[in-house]
Amino acid sequence: MPSLEREAYRLRSLIDDADAIIVGIGSGMSSAAGFNHYNRAGMARAGMTDWQQAFGFKSLFDGFYHLYPSLEQRWAYYARYIDFMLRELASQPYLDLRSLIGHKDYFILSTNVDTQVEKTFPDERTCNYQGSFAHLQCKQPCCDELFDASPYVERMLAGMAGFEVLSEDIPRCPHCGWQLVPWVRDDTFLQGAAWRESLGRYE
Ligand SMILES: [Zn+2]
């Protein structure tokens, strides 16, 4: 039997014998699904070769971390990128994993922010440790609140011209008026009630 196949059988028997399973999911899982956030191929997959050509980005994350001259331009990129992730359905590697462990007592601890985990597994069995592009947060942050990203993204896309969104469509915190930003880990990342609760489930 080839060694890869042997490993697969071994994994299956470990799953069968386990009382409980904790799965750690990282970027390789989404790369296996064809979402290459870290290389050039990913930009074509996301339908963002126009940004690649105009700005010379080497990857989707390259464009995410780029320092844009205006918020209108930065949000044009974010809106397109987030829209791509939101529209993608749960992908095969995630569905395969669910079918392998779905009958067991399992928990998913993930560092992926591309919304694949929450599309595949129930909330009570997951912790998105680094957040998720499905939500926005206040950049201060002034409040412990997560905002559904999709209505903001839809409005920005509807008003977008070239590589800019309309100034009035830039997401703003309804409480303090400062910027909303994607709920993904950086130096202002909101580790609020929702995040602590999911970490508590893991622990
Ligand atoms: Zn605020």
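The values are calculated or read from the model by the stated rules, or taken from the named source; none is laboratory data. Bear in mind the structure is a predicted one, so any value in this text is a computation, not a measurement. Backbone-built Cβ (ideal geometry, glycine too); neighbour counts: all protein chains shown. Each accessible area value is taken on the protein alone, full model and side chains, heavy atoms only, with ligands, DNA and RNA left out. Shrake-Rupley method; radii C 1.70, N 1.55, O 1.52, S 1.80 Å.
Residues whose amide H comes within less than 5 Å of that of Ile25, counting only those at least five positions distant or on another chain, are Leu109, Ser110, Thr111 (H built at 1.01 Å from N in the peptide plane). Across segment 148-154, coupling constants 3J(HN,Hα) worked out from phi with the 6.51/-1.76/1.60 Karplus curve, θ = phi - 60°, read 4, 6, 5, x, 5, 5, 4 Hz, and Gly and Pro carry x. Sparse packing (at most 15 other Cβ atoms within 10 Å of the Cβ) combined with a DSSP loop state is found for the following trypsin sites (Lys or Arg not before Pro) in segment 100-132: Lys104.
What's the extension gain from Glu124 to Lys58 if we count 0.36 nm per residue and subtract their Cα-Cα distance?
Working it through step by step, the gained length comes to 20.1 nm.
Overall form of segment 85-190: oblate. Here a/c, set by the Cα gyration tensor axes a ≥ b ≥ c, is 1.5 or more, and a/b is not larger than b/c. Our coupling estimate for segment 49-62, obtained by passing each phi through the Karplus curve with A = 6.51, B = -1.76, C = 1.60 and θ = phi - 60°, is 5, 4, 5, 4, 5, 6, 10, x, 5, 8, 7, 5, 5, 3 Hz, Gly and Pro reported as x. Taking a ≥ b ≥ c as the square roots of the eigenvalues of the Cα gyration tensor of the chain, is the shape rounded (a/c under 1.5), prolate (a/b larger than b/c) or oblate? Because a/c hits 1.5 or more and a/b fails to exceed b/c, the chain counts as oblate.
Estimated at the nearest 10 Å², the accessible area of Trp178 is 110 Å² with a 1.4 Å probe. Peptides 153-160, 65-72 ranked from most to least packed, by the mean per-residue count of other Cβ atoms within 10 Å: 153-160, 65-72. Between segment 153-179 and segment 4-41, the alpha-carbon centres lie 37 Å apart. Between Ile108, Ile25, Ile15, the GNM of the chain built on Cα springs shorter than 10 angstrom shows Ile15 fluctuating the most.
Counting only DSSP H runs of at least 4 residues, each contributing -39500 (n - 2.57), and dividing by the residue count of the chain, the helix-based mean residue ellipticity at 222 nm comes to -13000 deg cm²/dmol.
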